[in-house]
Structure formats: C-alpha cells, structure tokens
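Visitor: Shown below is the structure under consideration.
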Ligand code: SF4
Ligand code: SF4
Ligand code: SF4
Ligand code: FES
Ligand code: FES
C-alpha cells in the first residue's frame, strides 16, 4: 500500500519505495537508490519525481536536488531510448576511446549529453565504467560492450536501432 | 568542564576541556585564519585555512575541529603552515575572478585579507576560469558564483541559524555551486530564486563577496562610508545596527544597514527590516518644508519660524480659551525615550492636559503592575540567549520579533534549552519546542486561568484539553523559566499568567510589543492615566513638582470621540498615524486644529492644519527601550536638510507658546568649568575631566535641544530608571525595571497589535522600497532584470 496518494510511479515501484524507506535507520538513506529506481522507471529525474521523493523521505526538494546533482549518473532531462555512454578514462583513452566517441558522435549526429531527433539514442562521454581490461568500452543502458572497434560500434548501434537491444526504461 | 593547560606558539594557555583550539587561541589573542568556521554553527572543516601543527600528530590538523587537550603543544605560524595556507589560497583563487576592484566585499573580505597576508599572488592553473553569471535570487539577495569559496557558511547559517534551509550545495568538485530553493525549472523566468525569510544572514556570514545585498551592491566602497552604530527602528527587539552613511547634497544618505561589529545585544543577528528597511529615510516622498493650511484648504510651504509661530499662537489661544482638557496629544512608538518623556511633560505642564496616549501594542501597564514590588523578575533580551527553559504564550517571534526567535533557536541548539510553546497557531518556533500546546481559538484567557489553578477553564484553553496536564507539569517542573508573553495577553489574563509564573521561584517575564520604542512610550508615560514609570496620575509622587492636572485624561479613542462631538479644540500628533491605524473618520477632525510632526503625508498628516517635517530615529540621538526593558543609545546617522527632530520641534512650539523652556528642558545646568582645551601640556587633563563629567552626568547641557538634559530628569524622577551613563555611552544595553505601583482601578484595554510581519513595519514600512519589493516578490511577481557592475 502506497503511503502516497496519487503516486506518479507504477504500483510495483511505489510498493518498492514503501519498503525501501523501512530498511534504514534514517529515512533519507533511501534517497540514492530511490532516485536510481525512479530514473529507470521515468527515464529521468523529473520535477515530479523530486517532489514525490522529497515527500516520501520528509526532505525538502532542495535536499533532493543537492544529492541528485552530485551524481552524474542521475539526469534531470530525458535521455534517448538507448543511452550510449562511451568511456574515455585512461585505459580506454589509451586504447582509442576518443576515436570511439568521435565515431558515435558522427554516426548519431549528436554530441555529449544530446539526444537524436527521433529520441532513439542519446550519447554521453563518461568516466571509467569498470571494464578497463577490455578497453575501449561503452555501455548502452545497462549493457556493456567492450573491445570496441568502430566496425563493432556500427553493428551495436544497428542492433539497437532494429529494436533488438534491451530497453531498460 | 575542567580546565586543561596547553602550549601555543610557546605561550601557556588554559581553557576548559572541550573548547575548540581555534576559539581557545582567539581568547588568548592568537588569531588563526578560518573561512568555513563560524562560531555557533556546526563544524564543516571545508577550507583547511586553519591548519596548525600539533606535536605528535602525523599531519597538520584543523584548529576549527580540534578540541584542546592537556599538554598539547601547538604551533600556528611556521613556514610549513604558511606554505599549506598559501597552497589552499592558490587553489581557491584558481577559479576566483579576483574582481576586488568592483566587488562589494573589497576592503572587508576575508579572502582578500588572507591573500594579502600569505602573498598567494600566482595561480598555477592554465585552464580557463569557470565563469557563471551573477544571479538575482531575490530583491535582496544576489549571488556571484565565481567569488564563492564553498565554505558552506551560508548553507549552515540559513539552515541551523534561521531554520529556513533555503540554501543547498549542488553539483560536485569545481562545478559545485550554492543553490537556492527554487530550482530554475520551477521558476517562471527559468532562473534560480529564493523563497525564504530574506534576512540576509547568509550575506552577512559570507566571508567573501559571493552573496551580496540588493540594497547595497555596487553602491559604494566600505571605506567611503561613515559607520554609525545605532538601534534598528523597526520591531520591539531593538537590534544594534551599523548604518553606513555617505554625504549627499542635502544631508547624509544611508547606504547600508548591517551588523558590522556584532557587539550588540543582538549578537550575530539582523533581520530583513534591520538590514534593508532603512531606505524610507532616503525617500523622495519625504516632507521637507513646514506646511500650513490656508483658508482655501491648500497646504502652503512656509518658513520654520512662521510654522512654529502659528502653531504656538494657536495652541496657546485654544488652551486659554477652551482649556487644556480640550487638547489631545498622541505620540509615536519610534520616538526616543527623551522625546516621549518631553512630549508628555509638554502636554501635562504646558498644555495642561492628561489627554496623552500612543498606539499601544502591548499592555505594559498591567505587566509592570503585576510585577510591582518584585525585583529581578523581568527578563532582559540577553536572557533569551541562555535561559535553560523558555515558555512562550501567544505571540509569534519568528514574524513579530525575529531577533527573539533567533536567540531562542540558538539557545535550543547551543545550550539544549527546553522550549515550551502555547499558541493558537502552529507558529514556526514549535519546531524547536519540546512541547507545543495548541491553544483553543481566543483561549489565552482560559489558558491563563487554567495555569493559575482553575481546572474548569481547561475545556476552553486548549484544542486538546487532555494535553494540558502534561504541559503544565513540564512547565512547573522548571526551576529557571523565562516566560515570554505575546500581546494577545492583556489585563486580567496577563495578570493571571504572571501570578502563575510568580509561583515558579526562578521565573522571569517579558512582554513582547511591536516597535522600536513601544516600551519606551509606555515607560515614559505617553498614557492618559500614567505618568512616567507607571506612576498613577492621581498620586504623582516624584512628579508632584510638575503640577500636573490630577484627573486622568482621555485615551486615544476618547480623544477622537471628543473630536467627533466637537469638544476637541486641538490635536497634536507626533510621529504617529492614528487615523489609518484606528480607522478614524476624517470628518471627526473637521472642527479640530491639528498639528502633525511627520516624515510623510500619511492619512493623519493629510488632515493636519500644520505639518512639521520630522526626522526619523536614524536621524537623531537619544535612547530607546526594547520590549524587554533594555535601554540602548541611539545615534544620529542619516540627515536630511529641511527636517527637524521631534525633540527640537516640541521645545520650539513650547517656546512660541510662551512657556518657560528652562522648566521644560532643564538645560544650562551642570559644571561650567574652564574646559581648557588650550592648556598645552595639560590639555589631556582637561579631556579626561570632560570624560569624567560626562560619565557622571555633570557635563554642561548648553542647549534646550540636548536630549541628555531630559535624560537627566528621567533618571532623577522616573522610578526604577537607574541607569549608568557610562554603560550607555559605551554602546551597551542596560536592563531597567520600572518600579510601578500596584494596580488600582481596572483600566480600559486599548492594545491594538500592529499585525506586522517580517516584511511590514506599520506606516513607516509602506515608505520603504525594499520592503515593498520583498513583499511583491514573496507574493510571486517576477523579478526585475539583473544589473551588473558594468552597466
Ligand atoms: S536571506 Fe536568510 S532565509 Fe534567505 S537564504 Fe539567506 S539566510 Fe536563508
Ligand atoms: S556563498 Fe559565501 S558563504 Fe556561501 S559557500 Fe560561498 S563563500 Fe561561503
Ligand atoms: S529583529 Fe527587530 S530590531 Fe532586529 S533587525 Fe529585525 S526589526 Fe530590527
Ligand atoms: S577506463 Fe574505460 S572502463 Fe575503465
Ligand atoms: S576553518 Fe578550519 S577547515 Fe575551514
């Protein structure tokens, strides 16, 4: 049972949030997981998400925004259906990460933090995603793709464009 | 806590265990630089400027978070420390615009001082600076991101100090930025804004020029102003404020209000009104020539001489033909004590009437009478900083007496004081309260009765009567209790509440009123039935020498009733707007000769036959008394050509009436020794002599316009006004307990709370552009566009 009337979340997520706040000695500890789940469901952290989470955790909206803005994985604008995150941190950089990034920019016709006109793809340059052993690497939504070459990137993008990838949102 | 002894820079220091090293050093005269540390707020340790070397510690330690310990050996200035601080500064300056030449804080900036001290002149960064445009968060708060050093002082000040929590910190690393509580996405103009109490405490706490004041920014430089310390003219708390003044072609303009040296009774605090609402003084709408109404109804500008002559002649004529009892006198809540005293003395001795009153905002007569014969039972405002337990019945300090609310929050936060709140509304201070009792509508009287032992009053006292018992037990269990009373409680209710409080041996009381000298107006006898010091008119005691009519006079409402009935020949209004305040029908005054001393053409002034342009509290000297009875010195800061102080005008009118001015103002007394300024080697002797004379009230008062001559008389005659002149002169507050006689007959209750909040201040507030802007802003109007220094 949701403690919030007219929750903007699906009943499952709302129920999950109800449970989440009971897990920690201090309610606000649920803030970061809640933001992540909310982003997965809504696609980004909208003003409405901020408002409801603040209400759930007895926080001011300002508190939620303070935390939210700290984490680069949390976004306040919608991303594409497939959010392409290319790593250019040191291992990837040494193994051609920037080439991959440039290739994506060219291929998708968008830059860092931009979304294609059809809303299918968005692109981000990110720091290390923990796949250094197989650099260069990128992440599309929650899927990892490594040992990249420009040819491989083309194939990956086409797979998603054909709707075959996992659509997490 | 027990004392510990330790060594700092080779000097032995003793301080209580648990003291922060930075504070202990400061008390011992060793200054450790600090950006993020702010006494009384939580520790942040964000800036690393306060690093010191402590023996046996592996690294440099932050003095702002280290508590002193026995045998500690500390060095505060060594080449290693200097290097560390310099490196910190270089990092801070890496992204700082160094626009000191145009920055408001230039000359008063902690970063500038430290950069100078440590010579951190070069930056090793080649990256472009991370520039952001300045932001207009509200009409009074502006933010310049590039100057911010991320010390978090503002965030803590607003959250912990103000209990508003309007500021946060967003993003991360070098992009981190202080953010206000209205996000751009939620604001009609897509810019970030502040929805808050607009107190400016964040600006005050900011060590640099990142937060700047809408009133002062880009107006002048700190060293181009004269700084005058005086008392805020707005609410009844009486904060000490420093006004920055600059000469103009027609006087001296006030450009800034702030809390410069924090030496006052208000400590760190100033609210929105104290900080910004000085601007009525600079208003173009001020009256600057005396005006006399002509037979055709027009107001004609005349010379001062003519105005005083007409006023004096007319008053004399009306007194002599229709009697003093046909004249009414109404004084204001922002007069000095000396003016209030002089006004009632003028009324009673020159006009021969007790028809004297003022807009009463709290029932001080009952308050002092209920405490008659008690000693040490009235609280000073200072007590709100440290009392272990406080009960507030009625009132809403957050809005009506913001300084009181600040002190109470600090007392709870820093001293773990126990706060008990009983109110009909859920006032904000309940958030700090250990217990909140919601009083039933109009239930203060029942509550007072219940507290005083009348169990049958319970059902009308609280919304939830079952909560009463526990509340009463908790309050009664306190040994030292400060009882703050709102103006809702008057007459019998107030008396009963005080009687209950007196059963607690360690209880002290204060009654909150609305304006800078509301308390002084009552203490000084601007009342029809009370002489100064609550001396009843029929038994004048020390005032026998004034030969005052022995019948109490008409109160404020009766004065207007008399006017409507055609029985009021003249009305003399000094710094008050009763016509608007009491909704007086202008027709009531058609047969009355009205003299008004005012700054603006108020509703009352519009009906006047003579308008005399008056100076305000920031343009005169004297003293005022806050709600608690703490007397403080008022000093002249601003000046406007064409206006005169109320004091001078009263004396001049008396003179034109042919009264004996020396009897009215006892000047010309005091020692007239050779002041010997030219005695060469001995001249210092003469100066010291003059200081001694002044301290002992013996300096010559050479002018009939010298308020100190009246202060002498106040001190001589008003029961309980034993003040130390030297305390006053050195800018300290003094708590006074007027020694009232016990109550006689019951009186009519004429208290009319002003209903002022954070952004209003009676008639005066209407003429403050800053207050009007803030009101409009808080009501949701879009902000005016930002102007930058370059425009
Ligand atoms: S003006 Fe006062 S209430 Fe507003 S943000 Fe600053 S400190 Fe907070
Ligand atoms: S705005 Fe001022 S007080 Fe606030 S963090 Fe920045 S420098 Fe510190
Ligand atoms: S709290 Fe009262 S006295 Fe202090 S600055 Fe505000 S209005 Fe003035
Ligand atoms: S550096 Fe790219 S995954 Fe670690
Ligand atoms: S003052 Fe100690 S770290 Fe800032």
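Visitor: Among the residues of region A:121-132, is any farther than 30 Å from residue A:4 by Cα, free of Cβ contacts under 8 Å to residues at least 60 places away in the same chain and part of a helix (DSSP H, G or I)?
Guide: yes
This table checks each residue for (1) more than 16 Å from ligand 1 (Cβ to nearest atom); (2) at pLDDT below 95; (3) over 12 Å from the mean Cα position of the chain (by Cα).
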site: A:57; (1), (2), (3): yes, no, yes
site: A:66; (1), (2), (3): no, no, yes
site: A:84; (1), (2), (3): yes, no, no
site: A:94; (1), (2), (3): yes, no, yes
site: A:154; (1), (2), (3): yes, no, yes
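Visitor: Can we say residue B:215 is more than 14 Å from chain A (Cβ to nearest Cβ) and without any contact (Cβ under 8 Å) to a residue 24 or more places away in the chain?
Guide: no
Visitor: Do the conditions hold for residue B:11, that is, is it over 34 Å from the mean Cα position of the chain (by Cα) and either outside the structural domain of residue B:156 (by TED's automatic domain parsing) or within 16 Å of ligand 1 (Cβ to nearest atom) (or both)?
Guide: Answer is yes for this residue.
Visitor: Does residue B:129 count as away from ligand 2 (no atom under 15 Å from the Cβ), away from every other protein chain (no Cβ under 14 Å) and surrounded by fewer than 16 Cβ atoms within 10 Å (Cβ to Cβ)?
Guide: Yes.
Visitor: Tell me, yes or no, whether region A:144-161 has at least one residue that is free of Cβ contacts under 8 Å to residues at least 60 places away in the same chain, more than 27 Å from residue A:36 (Cα to Cα) and within 13 Å of ligand 4 (Cβ to nearest atom).
Guide: Yes: region A:144-161 contains one or more residues that are free of Cβ contacts under 8 Å to residues at least 60 places away in the same chain, more than 27 Å from residue A:36 (Cα to Cα) and within 13 Å of ligand 4 (Cβ to nearest atom).
Visitor: Looking only at region A:127-141, how many residues end up being touching a helix residue (DSSP H, G or I) at 6+ places or on another chain (Cβ under 9 Å) and exposed (fewer than 14 other Cβ atoms within 10 Å of the Cβ)?
Guide: Residues that pass the stated criteria total 1.
Visitor: Turning to a different aspect of this structure: Would you be able to say whether some residue in region B:483-497 is in a loop (DSSP other than H, G, I, E, B), buried (at least 21 other Cβ atoms within 10 Å of the Cβ) and more than 27 Å from the chain's Cα centre (by Cα)?
Guide: no
Visitor: Separate question: Identify, by number, the condition in (1) in contact (Cβ under 8 Å) with a residue 24 or more places away in the chain; (2) out of contact with any strand residue (DSSP E or B) (no Cβ under 9 Å at 6 or more places or on another chain); (3) closer than 19 Å to residue B:355 by Cα that residue B:499 doesn't meet.
Guide: Evaluating residue B:499 over (1) in contact (Cβ under 8 Å) with a residue 24 or more places away in the chain; (2) out of contact with any strand residue (DSSP E or B) (no Cβ under 9 Å at 6 or more places or on another chain); (3) closer than 19 Å to residue B:355 by Cα leaves (3) as the failure.
Visitor: Further, regarding this structure: Which numbered condition trips up residue B:333, out of (1) over 14 Å from residue B:654 (Cα atoms); (2) touching a helix residue (DSSP H, G or I) at 6+ places or on another chain (Cβ under 8 Å); (3) in the same structural domain as residue B:562 (by TED's automatic domain parsing); (4) in a helix (DSSP H, G or I)?
Guide: Here residue B:333 meets the rest and fails (4).
Visitor: Look through region B:178-207, keep the residues that are more than 14 Å from residue B:141 (Cα to Cα) and away from chain A (no Cβ under 14 Å), and return whichever of them is farthest from ligand 1 (Cβ to nearest atom).
Guide: Among those residues, the one meeting the criterion is B:189.
Visitor: Next question. Restricting attention to region B:753-776, report how many residues are part of a loop (DSSP other than H, G, I, E, B) and touching a residue at least 24 places away in the same chain (Cβ under 8 Å). Give the steps one after another, and end with the answer.
Guide: Within region B:753-776, the first condition is being part of a loop (DSSP other than H, G, I, E, B), and the residues that meet it are B:753-761, B:767-768.
Restricting the remaining residues to those that are touching a residue at least 24 places away in the same chain (Cβ under 8 Å) gives B:753-754, B:756-759, B:761, B:767-768.
Count: 9.
Visitor: Please verify whether residue B:104 is more than 30 Å from residue B:780 (Cα to Cα), more than 16 Å from ligand 3 (Cβ to nearest atom), outside the structural domain of residue B:258 (by TED's automatic domain parsing) and at pLDDT below 95, treating the condition exactly as stated.
Guide: No, not satisfied.
Visitor: Scan region B:243-255 and give yes if some residue there is within 16 Å of ligand 3 (Cβ to nearest atom) and at pLDDT below 95, otherwise no.
Guide: Within region B:243-255 (the criterion being within 16 Å of ligand 3 (Cβ to nearest atom) and at pLDDT below 95), the answer is no, since none of the residues qualifies.
Visitor: Shifting gears a bit: Just to be sure before I move on: is residue B:201 within 16 Å of ligand 3 (Cβ to nearest atom), crowded, with 24+ Cβ neighbours inside 10 Å and closer than 16 Å to residue B:774 by Cβ in the structure I sent?
Guide: On the way: within 16 Å of ligand 3 (Cβ to nearest atom): yes; crowded, with 24+ Cβ neighbours inside 10 Å: yes; closer than 16 Å to residue B:774 by Cβ: yes.
Against the criterion (within 16 Å of ligand 3 (Cβ to nearest atom), crowded, with 24+ Cβ neighbours inside 10 Å and closer than 16 Å to residue B:774 by Cβ), residue B:201 qualifies.
Quick grid of which residues meet (1) within 16 Å of ligand 2 (Cβ to nearest atom); (2) more than 24 Å from residue B:115 (Cα to Cα):
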site	(1), (2)
B:1	no, yes
B:7	no, yes
B:15	no, yes
B:32	no, no
B:38	yes, no
B:41	yes, yes
B:51	no, no
B:55	no, yes
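Visitor: Just checking, which of B:169, B:149 is away from ligand 1 (no atom under 14 Å from the Cβ), at pLDDT 95 or above and not in a helix (DSSP H, G or I)?
Guide: Of B:169, B:149, the one residue that is away from ligand 1 (no atom under 14 Å from the Cβ), at pLDDT 95 or above and not in a helix (DSSP H, G or I) is B:149.
Visitor: Could you list all residues from region B:19-66 that are part of a strand (DSSP E or B), within 11 Å of ligand 5 (Cβ to nearest atom), out of contact with any helix residue (DSSP H, G or I) (no Cβ under 6 Å at 6 or more places or on another chain) and under 15 Å from residue B:84 (Cβ atoms)?
Guide: Within region B:19-66, B:52, B:61, B:62 qualify.
Visitor: Does any residue of region B:156-177 turn out to be within 28 Å of the chain's Cα centre (by Cα), more than 11 Å from chain A (Cβ to nearest Cβ) and surrounded by fewer than 20 Cβ atoms within 10 Å (Cβ to Cβ)?
Guide: yes
Visitor: Which one is nearest to residue B:621 (Cα to Cα), of the residues in region B:685-707 that are part of a helix (DSSP H, G or I) and touching a residue at least 24 places away in the same chain (Cβ under 8 Å)?
Guide: First, pick out the residues of region B:685-707 that are part of a helix (DSSP H, G or I): B:685-695, B:707.
Of the ones still in play, those that are also touching a residue at least 24 places away in the same chain (Cβ under 8 Å) are B:694-695, B:707.
Values: B:694: 16, B:695: 17, B:707: 7 Å.
Going through the qualifying residues, I end up with B:707.
Visitor: Next up: When you scan region B:172-203, how many residues do you find that are away from ligand 5 (no atom under 16 Å from the Cβ) and assigned to a loop (DSSP other than H, G, I, E, B)?
Guide: Counting residues in region B:172-203 that are away from ligand 5 (no atom under 16 Å from the Cβ) and assigned to a loop (DSSP other than H, G, I, E, B) gives 16.
A quick yes/no check of all residues on (1) crowded, with 17+ Cβ neighbours inside 10 Å; (2) more than 14 Å from every other protein chain (Cβ to nearest Cβ); (3) free of Cβ contacts under 8 Å to residues at least 40 places away in the same chain:
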site	(1), (2), (3)
A:55	no, yes, no
A:65	yes, no, yes
A:69	yes, no, yes
A:83	yes, yes, no
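Let's see how each residue does on (1) within 32 Å of the chain's Cα centre (by Cα); (2) at pLDDT 95 or above:
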| residue | (1), (2) |
| --- | --- |
| B:622 | yes, yes |
| B:655 | no, yes |
| B:695 | yes, no |
| B:701 | yes, no |
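Visitor: Residues to consider are A:120, A:126, A:64; find the one that is more than 15 Å from ligand 4 (Cβ to nearest atom) and within 30 Å of residue B:180 (Cα to Cα).
Guide: A:64
Visitor: Which one of B:745, B:790, B:741 is assigned to a loop (DSSP other than H, G, I, E, B), modelled with pLDDT of 80 or more and over 30 Å from residue B:261 (Cα atoms)?
Guide: B:741
The values are calculated or read from the model by the stated rules, or taken from the named source; none is laboratory data. Note that this is a predicted model, so its numbers are computed, not measured. Cβ coordinates were reconstructed from backbone atoms using ideal geometry, including for glycine residues, and neighbour counts include every protein chain displayed.
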